[in-house]
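Taking it in order: structure first as structure tokens, then the write-up.
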Amino acid sequence: MTIILVLLTLAVFIVLGFVKNFGKKTERAKAAVAEVTPDSIVIERYYHPGHSWALVSSKGDVTVGVDDFTQKVVGGLSKIQLPVLGSTVRQGEVYATLERRGKILPQIAPVSGTIVDVNNKLAANPGIVNSSPLEKGWIVRIAPAQLRLELRNLLRGVIADRWQEVVNSQVVRWFSSPLHPVLQDGGQMIDNVSDLMNDVEWQRFVQEFFSIEATYRNNNVTN
């Protein structure tokens with residue numbers, strides 16, 4: 001009888017230990033899930049130095065588009081090459097291209113992941129990007145692969161505002177000649193800045209302000 005009681009006692013301790021360890025593992029799993037959910041991520045617009053933006057939704061997907069600087073610089077768009085639905089993109093790589101009168105402006109993906117939605121309205125009416133770059137002119141939605149990590153590489157809030165101011169000042173210095181004014185009355189940048197440059201100057205400008213070759217073509221975009 002004593003042996004049976006000892007065995008039963010050991011069995012109880014083993015079961016209790018298993019339950020305790022299982023509980024700890026469950027809590028760790030929950031913590032890991034919480035780490036990748038957007039609950040603790042600031043839900044606002046983030047900016048990539050290549051002038052694309054990323055808007056994180058409460059569901060965790062990311063809407064991507066171009067900033068106002070981009071649409072003003074390239075000007076009234078004649079064409080947009082959109083990425084393929086379901087294709088994967090990587091932060092810092094080209095995922096789409098904008099075009100005006102033969103001048104190409106590649107667009108940089110602000111986050112990595114899979115493209116789950118494409119704004120196909122832009123194919124027929126690329127001017128939506130000019131009229132509403134931060135809203136109706138969004139380009140894709142991405143299911144991010146490593147959102148929390150990559151958001152650290154982006155700008156937001158006051159820092160993003162200051163960065164935009166610096167970039168605008170740099171553009172003004174770029175066009176130092178009085179023959180090429182780039183500011184309207186009130187200090188706003190004029191539209192269609194790309195028209196002030198020939199092809200060689202445009203490629204230099206894109207390299208300087210967008211950190212990429214103007215002639216780059218991405219195999220993941222469609223005509």
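The values are calculated or read from the model by the stated rules, or taken from the named source; none is laboratory data. For clarity, every value in this text was computed on a predicted model and none was experimentally measured. Here the Cβ positions follow ideal geometry from the backbone for every residue, glycine too, while neighbour counts run over all protein chains shown.
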Step by step: first the residues of segment 198-214, then only those that are out of contact with any helix residue (DSSP H, G or I) (no Cβ under 7 Å at 6 or more places or on another chain) and in a loop (DSSP other than H, G, I, E, B), then the one that is modelled with the lowest pLDDT. Which residue is that?
SER211
If you check VAL56, VAL84, VAL62, which single one turns out to be within 18 Å of GLY137 (Cα to Cα), at pLDDT below 95 and in the same structural domain as ALA123 (by TED's automatic domain parsing)?
VAL56
Being within 30 Å of GLU201 (Cβ to Cβ), touching a residue at least 12 places away in the same chain (Cβ under 8 Å) and either in the same structural domain as MET189 (by TED's automatic domain parsing) or among the hydroxyl-bearing types (Ser, Thr, Tyr) (or both) is the requirement here; does ARG101 meet it?
yes
Which one of these is surrounded by fewer than 17 Cβ atoms within 10 Å (Cβ to Cβ) and modelled with pLDDT of 90 or more: LEU179, LEU149?
LEU149
Kindly indicate the residue of segment 72-94 that is assigned to a loop (DSSP other than H, G, I, E, B) and among the polar types (S, T, N, Q) and also surrounded by the fewest Cβ atoms within 10 Å (Cβ to Cβ) among those meeting that condition.
SER78
